[in-house]
Amino acid sequence: MEDGKMGNATTIRAVLAILQWWGFNVTVIIINKWIFQKLEFKFPLTVSCVHFICSSIGAYIAIKVLKTKPLIEVASEDRWRRIFPMSFVFCINIVLGNVSLRYIPVSFMQTIKSFTPATTVILQWLVWRKYFEWRIWASLIPIVGGILLTSITELSFNMFGFCAAMVGCLATSTKTILAESLLHGYKFDSINTVYYMAPFATMILLIPAIVLEGSGVVSWLYTYDSVAPALVIIITSGVMAFCLNFSIFYVIHSTTAVTFNVAGNLKVAVAVLVSWMIFRNPISGMNAVGCAITLVGCTFYGYVRHLISQQATATPGPCTPRGRMEMLPLTGEKQGDKI
């Protein structure tokens, strides 16, 4: 009886963690799209900068004031040698996500982001010379096919937004791969990650944002009718971005890797549906099929990775040097959206 109650409590906690993660994620995406489309604040670098600043403040309060997580100490030399390069790629990733969101619909952007597993595996194969089982490659086929079908049938296709989203996938993959080497020895959670990376990202992005978008932002402040409510929405977007990172911390500790993978793909479907209900961007039948194939492919890919991981744990043994197939790509089973 006691075990049953504990099991029910664990299930309820996992469901609540997933729901609040979905809520924050979808809210951030919808608010950002609203800022670009409805508020006519077409400045993705500035929006990203606001996110970084809010996340820096939020992480400081969470760790130093509220002490919700202990601070992971990082040597000063490692901050510049390890954290700074990660922050640079991290910054590019977030900026490109916001740039793509300005030019293409949420549904298309979210589908392209699902291409990240494929770019991660391909990068490790081409650049880092890692080799993978045929099952890994086979599991990427529906992801690639779904992305191709979605891109061909997208009614609101924009080449610049598409390229920004695709390069953003490469940046995400690069960040994931670099984390294995640069952050080796440090067990960062999502809050400590933001605590160290968001200030660096702010420093990296602040000057380009001022130079490239400063005059446009000033002009918007003078010409837009309801500036005060609009600024509240923009700052709220930054606060929600930090809350998203906090929610990732809870969902990771409340679910298994498989549940996290499935929930992550369902989250994309929820974001696509909610965005369509709000912005009513045209979606053709074949476009919806392409999106569905991509999400099913991502789920299948996660399942294959889990199977291989389980087999590797159950049957450890020596590997042949060159002909060996690497068991798993460094995609991070429990990696979520950052900022």
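The values are calculated or read from the model by the stated rules, or taken from the named source; none is laboratory data. None of the values given here were measured: they were computed from a predicted structure. Neighbour counts run over all protein chains shown; Cβ positions are idealised from the backbone, glycine included. Just the protein is used for accessible areas: all its heavy atoms, side chains included, with ligands, DNA and RNA removed. Shrake-Rupley method; radii C 1.70, N 1.55, O 1.52, S 1.80 Å.
Assorted remarks:
- For Leu221: the one exception among (1) of a type in the set (A, V, I, L, M, F, W, C); (2) touching a Lys or Arg at 6+ places or on another chain (Cβ under 9 Å); (3) under 21 Å from Pro44 (Cβ atoms): (2)
- First in the range 194-205 and under 15 Å from Lys64 (Cα atoms) and in a helix (DSSP H, G or I), second anywhere and acidic (Asp, Glu) and open to solvent by 30 Å² or more (accessible area, probe 1.4 Å), Cβ under 6 Å, 6 or more apart: none
- Residue satisfying condition, being closer than 15 Å to Ile31 by Cα and part of a helix (DSSP H, G or I), within set Gly238, Gly264: Gly238
- Only one of Ala312, Ala269 that is under 20 Å from Phe108 (Cβ atoms) and in a helix (DSSP H, G or I): Ala269
- From the options Met109, Met6, Met86, residue that is under 30 Å from Val144 (Cα atoms) and either at pLDDT below 90 or part of a loop (DSSP other than H, G, I, E, B) (or both): Met86
- The set of residues in the range 135-159 that are open to solvent by 40 Å² or more (accessible area, probe 1.4 Å) and of a type in the set (D, E, K, R) contains only Arg135.
- Note on the range 267-296: residues that are open to solvent by 70 Å² or more (accessible area, probe 1.4 Å), free of Cβ contacts under 8 Å to residues at least 40 places away in the same chain and closer than 17 Å to Gly23 by Cβ amount to 2.
- Residues (in a helix (DSSP H, G or I) and out of contact with any helix residue (DSSP H, G or I) (no Cβ under 9 Å at 6 or more places or on another chain)) located in the range 217-235: Val218, Ser219, Tyr222, Thr223, Ala228, Pro229, Val232
- One residue from Phe162, Phe132 being in contact (Cβ under 8 Å) with a residue 24 or more places away in the chain, farther than 28 Å from Thr193 by Cβ and open to solvent by less than 70 Å² (accessible area, probe 1.4 Å): Phe162
- Of the residues contained in the range 191-209, one or more are found to be among the small types (Gly, Ala, Ser), more than 18 Å from the chain's Cα centre (by Cα) and crowded, with 17+ Cβ neighbours inside 10 Å.
- Every residue from the range 55-75 that is open to solvent by less than 30 Å² (accessible area, probe 1.4 Å) and out of contact with any Ser or Thr (no Cβ under 8 Å at 6 or more places or on another chain): Ser55, Gly58, Ala59, Ile63, Val74
- Odd one out for Trp220, checked against (1) within 20 Å of Lys175 (Cβ to Cβ); (2) open to solvent by less than 20 Å² (accessible area, probe 1.4 Å): (1)
- Under the condition of being buried (at least 18 other Cβ atoms within 10 Å of the Cβ) and either in a loop (DSSP other than H, G, I, E, B) or at pLDDT 90 or above (or both), the residues counted in the range 167-187 number 4.
- Pairs, first free of Cβ contacts under 8 Å to residues at least 60 places away in the same chain in the range 243-260, second open to solvent by 30 Å² or more (accessible area, probe 1.4 Å), C-beta under 6 Å, six or more apart: Val258/His306
- Qualifying residue in the range 229-238 (condition: more than 19 Å from Ile53 (Cα to Cα) and open to solvent by less than 50 Å² (accessible area, probe 1.4 Å)): no
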